[in-house]
Amino acid sequence: MNKAELIDAIASTTGLSKADAGRALGATTDALHQLWRMVMVYRLQALVVLWLEIEQHALVVTHKRALRFKSRLLKLQRLKQVKH
């Protein structure tokens with residue numbers, strides 16, 4: 001079904017003129033397009049938040065590993081000092 005056939009179907013089932021049915025179809029598609037854009041923006045925002053949470057978690061894990069490594073290094077240095 002093409003756009004003209006859809007407008008004819010709307011006009012015949014609703015009793016609207018073809019011009020009014022065309023305007024109603026246009027308004028409906030515009031509203032659906034706006035809704036689709038809002039959903040896409042929301043999904044993009046959710047993905048950005050998720051990415052930031054993953055990055056923050058990775059930084060925390062890296063920081064904890066660095067602290068453990070530093071602690072082990074200091075212990076080894078103290079052990080070397082005790083032996084000498």
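The values are calculated or read from the model by the stated rules, or taken from the named source; none is laboratory data. Bear in mind that the values here come from a model prediction, so they are computed numbers and not experimental data. Neighbour counts run over all protein chains shown; Cβ positions are idealised from the backbone, glycine included.
For this structure, a couple of remarks:
- In the range 1-37, the qualifying residues are those that are hydrophobic (A, V, I, L, M, F, W, C) and part of a loop (DSSP other than H, G, I, E, B), and the one that is surrounded by the most Cβ atoms within 10 Å (Cβ to Cβ) is LEU16.
- Among the residues making up the range 22-56, those that are closer than 21 Å to LYS3 by Cβ and of a type in the set (A, V, I, L, M, F, W, C) are ALA24, LEU25, ALA27, ALA31, LEU32, LEU35, TRP36.
- Any hit, the range 64-82, residues being among the small types (Gly, Ala, Ser), modelled with pLDDT under 95 and out of contact with any Cys (no Cβ under 9 Å at 6 or more places or on another chain): yes
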